[in-house]
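Below is one structure; the comments refer to it alone.
Only the coordinates and a few stated rules stand behind these numbers; no lab work does. Quick caveat, the model's predicted, so the values are computed rather than measured. Because the Cβ atoms are built from the backbone with ideal geometry, glycine has one as well, and the counts that use them run over all protein chains shown.
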Amino acid sequence: MDATRYAALFLAEGREQLAECERLLLALEGAGDRAEALAGLFRAMHTLKGMAATLGHGVIAETAHRTEDLLDGLRAGRLAWTPALPELLLRATDALRAGVEAVAEGGEPPLDEALCRALAAVAAAPEPTGTFAVPVLPGAEPVPLHTTFELRAVGARRVEVTVAPEAPLPGARAMLALARLEALGQVLDLAPPAAAFPRDDFGGTFRCRLVSPAGDDEVAEAVRGVGEIARVAVRVAEAEPAAAPERTARVTLRRLDRLMHASGELVVARNRLLAQVAAAPRDPALAAAADRLAALVGAVQDEVLAMRLVPVAEAFAPFPRVVRELGRTLGRPVRLETDDGGIELDRALLDELADPLLHLVRNAVDHGLEAPAERVAAGKPATGTVTLAARRERDTVSLLVRDDGRGIDRDRVRARAVADGLVDAHAPLDDDALLRVLARPGFSTASRVSGVSGRGVGVDVVFTRLRRLGGSVAVASVPGEGTTFTLRVPRTLALVRALLVDVGAERYAVPLAFVEGVARLRDAGARPVLALGALLGTPEAAAPSGAGPAVLLHVGQRRVALAVDRLVGQQEVMLEAFDPPAALPPWFGGVTILAEGAPALVLDAAALAAEVPAWTA
Amino acid sequence: MSHRVLICDDAIFMRTMIADILTQAGYEVVGEAESGTQAVARFRELRPDLVTMDIVMPDMGGIDAVRAIRAVDANARILMCSAMGQQALVVEAIQAGAKDFVVKPFQPSRVLEAVQRVLA
């Protein structure tokens with residue numbers, strides 16, 4: 001047998017199983033279905049143990065075995081659930097991950113005996129003896145020890161099933177076929193995913209890989225046995241390409257942060273150097289060296305940023321469960337659609353966005369969607385749809401939370417806002433104005449208490465968080481059709497491309513994420529004009545004139561022309577958080593040191609949108 | 001020996017119709033239930049070879065009844081009786097352990113085919 005190949009498979013599948021464990025553990029801490037999560041965890045541990053034992057990784061196998069024992073007790077109800085368990089199980093998962101990663105590097109860490117004792121104590125199992133014997137499993141489990149792994153190595157089967165076109169409820173019929181396949185072995189790479197089966201537009205065909213000791217004919221026979229099946233194709237899957245194992249190193253996030261910060265400073269220093277060289281073009285050799293250095297710094301920067309990028313899909317992963325549970329709790333059928341667009345985002349940003357997304361999704365299900373009867377009466381499908389999507393625009397990534405519910409009741413929001421003196425009774429309440437009302441901390445509390453059938457709950461929290469990240473929030477709501485919240489953030493933290501502008505003697509940076517372009521003020525179209533000098537009270541600022549320059553900002557649905565004295569150019573700037581002096585308007589997001597060494601304030605266009613009354617005109 | 005069947009549906013009409021189809025085909029209808037709670041109780045008592053289960057019933061729905069019955073006997077054979085447009089519910093029932101389903105309005109031949117598949 002090809003040992004390298006097995007090792008690579010072990011790593012790939014081991015990581016997969018551990019990621020799944022983590023997901024399930026987090027679901028356990030949330031409102032997830034505990035029995036289902038425990039069963040999933042048990043299966044994952046079981047698979048991991050089998051693989052590790054086969055390859056002689058005794059420490060991993062032992063740890064997985066202890067964990068599995070505990071999970072089995074919980075799953076079967078022999079052991080009582082306690083709030084401390086997720087923590088212990090996460091510890092076990094961490095230890096297993098450390099083990100798997102150590103195997104990737106050609107070693108194996110020592111057994112964490114304290115952990116094993118803790119697991120054993122909870123499982124009330126005998127103390128670990130220090131030697132590992134392949135255990136006899138309590139209870140029957142559909143995946144026999146080692147099978148998954150070995151068969152996957154020799155190549156699984158590809159199965160394609162098509163339901164008879166005249167069959168009623170083709171998705172349910174396909175589900176029966178899938179259940180038969182799952183009874184035969186392990187189903188992998190299911191397409192479309194099982195979530196598509198209940199939909200009315202399910203086409204009736206699905207594909208998957210099946211790892212099973214059953215013969216081809218047996219598999220086909222089992223599927224046909226569910227009835228109303230037009231076609232079953234079973235063939236041996238081509239062997240997976242033996243990818244060279246990608247060697248990895250473990251780096252703490254803190255180190256990565258420091259590296260990112262340093263590389264950000266490096267970019268700023270590079271820009272300063274280039275500015276100097278350009279200002280004094282005396283030495284062609286120096287200029288060439290500076291150019292070369294600039295290119296290398298750019299390459300370093302790209303690598304560092306790439307290291308921090310994670311798929312947005314990771315942030316979306318817990319939501320199918322969350323939405324399902326919410327729908328169940330509230331007694332309304334909900335379907336979640338996700339479209340991550342293959343987009344990646346800085347991990348730190350994505351972490352920060354988890355709570356806002358959860359807030360908005362909860363709001364969408366709880367307040368956005370109508371009760372099934374109300375939906376049917378309005379001519380909509382009884383099942384509501386919540387959509388999570390990611391889009392890329394310029395240097396920003398937008399995350400959308402959309403529901404197809406009743407839309408925000410503007411009249412009620414307005415009544416509240418007028419009563420609270422937030423808006424003028426006659427001013428139109430467009431989407432931006434609506435958001436400003438919803439984002440008032442006082443407003444959200446009041447609306448929850450009084451039961452306004454719109455939003456409000458937590459929108460202020462979302463709003464504040466996004467501003468802190470240098471992002472923005474927009475809302476679009478159509479009565480009877482639904483509501484979309486859009487969270488827009490820069491693709492990476494800290495280093496932003498900015499447009500530098502002068503007002504009076506001061507220089508300011510405007511992040512390009514919110515800049516649509518620049519123009520002479522008279523060519524800025526129908527946008528409202530804001531004079532930065534007047535906003536800042538800069539006495540020496542030039543009075544805005546038609547021939548003067550303007551920065552065209554785009555925040556949410558609002559477009560505005562920001563009149564400045566002079567456009568300086570673009571630069572990458574390192575955004576530094578700061579404690580703003582009390583006198584400073586609240587729409588500065590940070591400070592930066594420019595290439596020429598001078599400090600500049602960084603304008604927070606989103607905050608400007610929220611704070612400056614002129615924008616509502 | 002003919003197979004013993006428990007029929008669960010809140011409508012007498014549907015129960016009668018299913019009973020007729022099955023009896024004419026030689027099955028023995030040993031009991032009927034008109035709610036999920038009753039279905040579980042009668043299952044415990046009768047231990048039938050097959051249960052036909054309506055999805056929407058008062059008191060306890062068919063899907064919860066499937067779960068409860070499977071908790072009593074993991075090998076219970078349950079055939080869901082669904083209406084058109086209940087695909088999501090049927091999928092859920094299958095995930096809960098139902099073995100097959102038929103869609104109203106019933107065609108006797110389809111009902112019998114499904115019963116045979118479940119008992120096979």
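Remarks
- Estimated from the Cβ-Cβ distance and a Förster radius of 35 angstrom, the FRET efficiency linking A:A278 and A:R250 is about 0.25.
- When the trypsin sites (Lys or Arg not before Pro) in region A:363-413 are filtered for DSSP coil states and for at most 16 other beta-carbon atoms within 10 Å of their beta-carbon, the remaining sites are A:R394.
- About its Cα centre, the dipole of chain B is roughly 320 debye, where the only charges are +1 on Lys and Arg Cβ and -1 on Asp and Glu Cβ.
- Magnitude of the charge dipole, region A:476-534, Cβ model with Lys/Arg +1 and Asp/Glu -1, debye to 20: 120 debye
- Region A:324-367 and region B:52-110 have Cα centres separated by 30 Å.
- Counting only Cα atoms, region B:1-50 measures 28, 25, 10 Å along its principal axes, largest extent leading.
- Here A:V163, A:V226, A:V297 are placed in order of increasing Cβ neighbour count within 10 Å, fewest first, which gives A:V297, A:V226, A:V163.
- Semi-axis lengths, Å, the protein assembly as shown, gyration tensor of Cα atoms, sqrt of 5 times eigenvalues: 56, 36, 22
- Trypsin sites (Lys or Arg not before Pro) restricted to DSSP loop in region A:281-364 with at most 12 other C-beta within 10 Å: A:R282
- Helix-only [θ]222 nm of the protein assembly as shown, DSSP H runs n ≥ 4, -39500 (n - 2.57) each, per residue, nearest 500: -14000 deg cm²/dmol
- When every Cα-Cα distance of chain B is counted in 5 angstrom steps from zero, the calculated P(r) takes the values 2, 13, 26, 29, 21, 9, 1, 0 percent.
- Projected label points at A:E374 and A:A35, each 7 Å from Cα along the beta carbon direction, are separated by 3.2 nanometres.
- By the equivalent-ellipsoid construction on the alpha carbon gyration tensor, region A:463-539 comes out with semi-axes of 28, 19, 12 Å, ordered largest to smallest.
- Using only side-chain charges placed at the Cβ, +1 for Lys and Arg and -1 for Asp and Glu, the dipole size of the protein assembly as shown relative to its Cα centre rounds to 800 debye.
- Neighbour counting of Cβ atoms within 10 Å sorts the residues A:I60, B:I18, fewest neighbours leading, into B:I18, A:I60.
- Under 16 Å from the A:L293 label point (7 Å along Cα→beta-carbon), backbone N, region A:246-275: A:263-275
- Cα-based Rg and Dmax for region A:161-244, where Dmax is the largest Cα-Cα distance (Å): 13.1, 47
- Computed from the Cβ-Cβ distance with R0 of 25 Å, the FRET efficiency linking A:D201 to A:E393 stands at 0.30.
- In plain terms, the chain from A:D366 to A:E105 could stretch by 89.2 nm, reckoned as 0.36 nm per residue minus the Cα-Cα distance.
- Charge dipole (the protein assembly as shown, unit charges on Cβ, about Cα centre) - positive-most of A:V310, A:A174, A:L25: A:V310
- Between A:D94 and A:D351, the distance separating the two model label sites (each 7 Å from Cα on the Cα→Cβ line) works out to 1.3 nm.
- Rounded FRET efficiency, nearest 0.05, which uses the C-beta distance separating A:A19 from A:D257 and R0 of 22 Å: 0.45
- Globularity ratio of region A:323-403, using Cα Rg and 2.2 N^0.38 Å: 1.23
- Taking a ≥ b ≥ c as the square roots of the Cα gyration tensor eigenvalues, region A:49-119 comes out prolate, since a/c reaches at least 1.5 and a/b is larger than b/c.
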